[in-house]
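Before any comments, here is the structure.
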Amino acid sequence: MLLTSFAPYRLRLLFRGAFLLLALATVALALSVLQQEKQLSYNNYQTSFKKSQQQISATLRHPVGQLALLNPPGDKKGTGLHPLLLPFSALDFDDQNKVQQAITMSGCLVQYGSSGSLCVGIGNNPWAGGFIYAAGNFNSATLVPHQRGDLMLNQSHRIKVSVTLRGQSYRWIAPFEVDAPNRMQGLRGRFTGFWEDDANKPNARPVKEFRGWVWQKAVCNQIELDDADAACKKNAFFSLRLPIAVLQDALFEKKRPVWPPEDLDQIQVQLSVLAPNSDEVLFDSSSVPTAAPFSLGELQSSLLPGETLRIRKLAGQNDLIKLAGIVDNADDSWNLLTRLIRRLPVGEFDQPLDSVEEISTPLGNYEVILQGDVRSVSKSLSVVASRISWYVGGMLLALLLAWLFIEIGIIHRITLLTKRASSLSKTVKGAGGLERFDVSDLRSSDELGILASCLHDLLRRVKEDVEREAIRAEQEKEMWHAVGHEIMSPLQSLMVLHGTNEDPSNRYINRMQQAIRVLYGSASPSEAFQSTVLQVTEIDITTFLKHVASNAPCVGITQVEFIGADLPVMVRADDYSLEDVVTHVLRNAERYRVAGSAITMSLITSETAASITIHNQGPQIALELIDKIFEYGVSDQHDSGANGNRGQGLFVAKTYMAKMGGTISVENVSDGVSFTLSLQRGVS
C-alpha cells in the first residue's frame, strides 16, 4: 500500500533523488580522493622519512660526518681559525697522497676562493703527540728555494705560522728548500721551520719537531701557458706538523689525559704564504673564507617540515644539537578542511614516526634521534584541498541551479499533466472521453508543450493501431496454423521413404520439419525465429564444411569449394541450425556470383574461436544496404515477395548465430563479397 501511494510521485522523486545523489556523490568523491591522497601522502612521507634517516646516518658515518660529530657547534669563545678534532689518530704528513685523501674525505678544508684552502686539526689519539697538523694548497709561480746556510730567509718562498693558546704564542717561519726537482713531476721539497724571533740570527737552528713538506705541480693551472710566462701559476700542496709544547706537557700530567683539549676552540692558528724577495702574501688564513667545513647544522636541509633531529653522546644527558625542519608559515588552507582531513581514516596514520640510530666514533658513541611529524601531511594536503574545494563548490552550485531549472520549468508542468492524465484515466469510458482532456495552458514551443498538445491524438492513434495489430496477428497465426498443418503430413510420409541416416535426403527433411516446428503457432516469422531454442553441442566444423560443400549441388548450388587443413576443429553449434545459416549465405552468394566462378569456404582458427569465410566473386553490396541486410524483410530485389525472396534468410542466419554464441558479418572486398561466421571453440 505504501509503495502504491507513492507511485504518482515516482518520477518527481526520481529527479529530485538523482540530483541529491549527484550532490552526495560529488562530496563523497571529493572525500574519497582526499582519503586516497592522504594515504598516498602518508606513504610518501614514510618513504621520505626513511630516506632522510638513511641519508643522515650515512652522512654521520662518513668521515665528513665524523668530523662534524667530533666538533659540534657551540659557543665559540675564540675567533678566527682553530684546529678541528680529526676522525683519524694522526696524519701521515710526509705522504702527499695519504694526506690529501685524509683531508678530502674528512671535509676539514676551509676554502679561501681562488687563493687556496687549508685544513688545521689534531689527531684523536693523544699518544700520537701534542701536534697540530696543517695541510692545504695555494697557487704561485715556480717555488724559489732557500739555500742552506743563507741567513736571509726572505729570498725564497716561505710559510709563516703562529699558534696562540693558554696565554702563550708559538710563531715559526719556514722557508722552502728544494728536495728533488723534476720537470716532469714538478717540485718536491720541505719547509724547514725556524722560530720567528731567531730566524735571522747567525746561529739559528731549525726546530727539531717542526716538519713540513710541499709538492708543486709541473704544469701551469692554465694549460695554454708555459713556465716562461709570468702569469703561469702552479698549484702547490703542503703538509705541516707543528709541535705544541703546552699540549705535549699536559699529556703527562695525569694518568688519563684530557683529549681533545677542553680549550680546543680557543686555540688560534694563523698561516700565510709569502712570495720571495717581498712581503707579498700569496695565501693568508686570516682572510674571509668562502666555504667552511661541514657542520651538524647543515643536516637541517635534510629534514622535512615538522621533523626534529637530536644528537647526543651516549654517556651524556644533554643534546649535542637539536634541529627542526623548516615549516612554511604560509597558511592558505581552512582550519575546517585541516580538521576534516585529520579525521579521514588512514591505516597506521596515528602511529608515531621515530628512529634511533647509534653512530660510533673513535672517541665514543652518539645517539641520533629522528622524529617525524605526520600532522604536516594533513596540513600540506589541506592547502591543496582548499584550492580544489572551490571546484567542488562550483559543481554543487551548478547542480543546484540545474535542479531549480528542472523543478520549475519541467517537473511542475509534468505534475499538472500527470494529474490531468490520471483524472482522464478514471473518467474516460470511450473515445468521447478524450474531449475532456484540456491541456491548452500547458502548450508551448518546447518539447513538453508539444507532448501535451499531441497526447490526445497519440492516445487515439495508439488505440486504433492496437486494434489493427491484434487483427493482423490473429490472421497471421491462423495462416501459419493452416500452412503448418498442410505441410506436416507430406513431411511425415517423406520421413518414412527416406528414414535412414545414409540417405542424403533425410538430413534436408529433418531441417524442413524443424523449420515448420519453429514457425508453427507463432504470430509472425520474426517472433518465431527469435523464440527458437537451439540444442548447442560440440561438432567438428571441418567435417561439417566438407559435408556442406559436397552436398551443395543437391540444393542447386554448384562449384562450392572448401579451403582449409584436414584437421578436426571442435566448435559449439547446433548442427541443423548452422547448416541453415551456411545454406542461406550460400544462396545469397549463388544469386550474385559471376557465372562460372566458384564459391569458397575457408576456415581460420585461434585458441578461442573459429572463423568461416564464405567468398563469392561478383558485385559489391550497396553502402546504404550493408548495415541493413541482416534485418528482417530487407532485400535489394523489387517484388522480392513475389519471387520468393522475403528478406528473411540473412535475418535467420544472424538470429541463429547469436543463439549459438557466435557472430556473422559481411564486408565488400576487391573482387566481390565475403561473409564471416565466427563460432566459439569447444573444450574437446
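Flag not set for residue 623, criterion: assigned by TED's automatic domain parsing to the domain that holds residue 549 and not in a loop (DSSP other than H, G, I, E, B).
Report whether or not residue 88 is aromatic (Phe, Trp, Tyr), in the same structural domain as residue 261 (by TED's automatic domain parsing), at pLDDT 85 or above and not in a strand (DSSP E or B).
Spelling it out, residue 88 is indeed aromatic (Phe, Trp, Tyr), in the same structural domain as residue 261 (by TED's automatic domain parsing), at pLDDT 85 or above and not in a strand (DSSP E or B).
Could you tell me whether the range 239-257 includes any residue that is closer than 30 Å to residue 94 by Cα, part of a strand (DSSP E or B) and in contact with a helix residue (DSSP H, G or I) (Cβ under 8 Å, 6 or more places away or on another chain)? Yes, the range 239-257 contains at least one residue that is closer than 30 Å to residue 94 by Cα, part of a strand (DSSP E or B) and in contact with a helix residue (DSSP H, G or I) (Cβ under 8 Å, 6 or more places away or on another chain). Restricting 262, 280 to those that are without any contact (Cβ under 8 Å) to a residue 24 or more places away in the chain, closer than 28 Å to residue 67 by Cβ and surrounded by fewer than 20 Cβ atoms within 10 Å (Cβ to Cβ) reduces the list to 262. Examine the range 541-551 for a residue that is modelled with pLDDT under 90 and touching a Lys or Arg at 6+ places or on another chain (Cβ under 6 Å), and state whether such a residue exists. No, that holds for no residue.
Residues are listed down the side, and each one gets a yes or a no for (1) modelled with pLDDT under 90; (2) in contact with a Gly (Cβ under 7 Å, 6 or more places away or on another chain); (3) in the same structural domain as residue 543 (by TED's automatic domain parsing); (4) in a loop (DSSP other than H, G, I, E, B):
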position	(1), (2), (3), (4)
596	yes, no, yes, yes
600	no, no, yes, no
611	no, no, yes, no
615	no, yes, yes, no
652	yes, no, yes, no
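Here is a yes/no grid of residues against (1) over 25 Å from residue 371 (Cβ atoms); (2) free of Cβ contacts under 8 Å to residues at least 12 places away in the same chain:
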| residue | (1), (2) |
| --- | --- |
| 15 | yes, no |
| 25 | yes, yes |
| 29 | yes, yes |
| 35 | yes, no |
| 43 | no, yes |
| 55 | no, no |
| 63 | yes, no |
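May I ask you to list the residues in the range 588-599 that are in contact (Cβ under 8 Å) with a residue 12 or more places away in the chain and not small (Gly, Ala, Ser)? Within the range 588-599, 588, 590, 592, 593, 594, 599 meet the criteria.
Residue-by-condition table, conditions (1) free of Cβ contacts under 8 Å to residues at least 60 places away in the same chain; (2) among the aliphatic types (A, V, I, L, M); (3) surrounded by 14 or more Cβ atoms within 10 Å (Cβ to Cβ):
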| position | (1), (2), (3) |
| --- | --- |
| 552 | yes, yes, yes |
| 567 | yes, yes, no |
| 573 | no, yes, yes |
| 586 | yes, yes, yes |
| 603 | no, yes, yes |
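Scanning the range 91-111 for residues that are without any contact (Cβ under 8 Å) to a residue 60 or more places away in the chain and either closer than 12 Å to residue 136 by Cβ or assigned to a loop (DSSP other than H, G, I, E, B) (or both) returns 92, 95, 103, 104. Can you tell me which residue in the range 350-373 is surrounded by the fewest Cβ atoms within 10 Å (Cβ to Cβ), limited to those that are acidic (Asp, Glu) and at pLDDT 85 or above? Checking each candidate, the answer is 358.
Count of the range 230-259 residues, restricted to those that are surrounded by 15 or more Cβ atoms within 10 Å (Cβ to Cβ) and either of a type in the set (D, E, K, R) or over 12 Å from residue 130 (Cα atoms) (or both), is 10. Among the residues of the range 552-573, write down those that are touching a helix residue (DSSP H, G or I) at 6+ places or on another chain (Cβ under 8 Å) and closer than 21 Å to residue 617 by Cα. Of everything in the range 552-573, those that are touching a helix residue (DSSP H, G or I) at 6+ places or on another chain (Cβ under 8 Å) and closer than 21 Å to residue 617 by Cα turn out to be 552, 555, 556, 557, 558, 560, 561, 562, 564. Scanning the range 162-201 for residues that are within 60 Å of the chain's Cα centre (by Cα) and either closer than 17 Å to residue 238 by Cβ or among the acidic types (Asp, Glu) (or both) turns up 163, 185, 186, 187, 188.
The values are calculated or read from the model by the stated rules, or taken from the named source; none is laboratory data. The structure presented is a predicted model; accordingly, all values stated were derived computationally and were not measured. Neighbour counts are summed over all protein chains in view; Cβ atoms, including those assigned to glycine, are modelled from backbone coordinates with ideal geometry.
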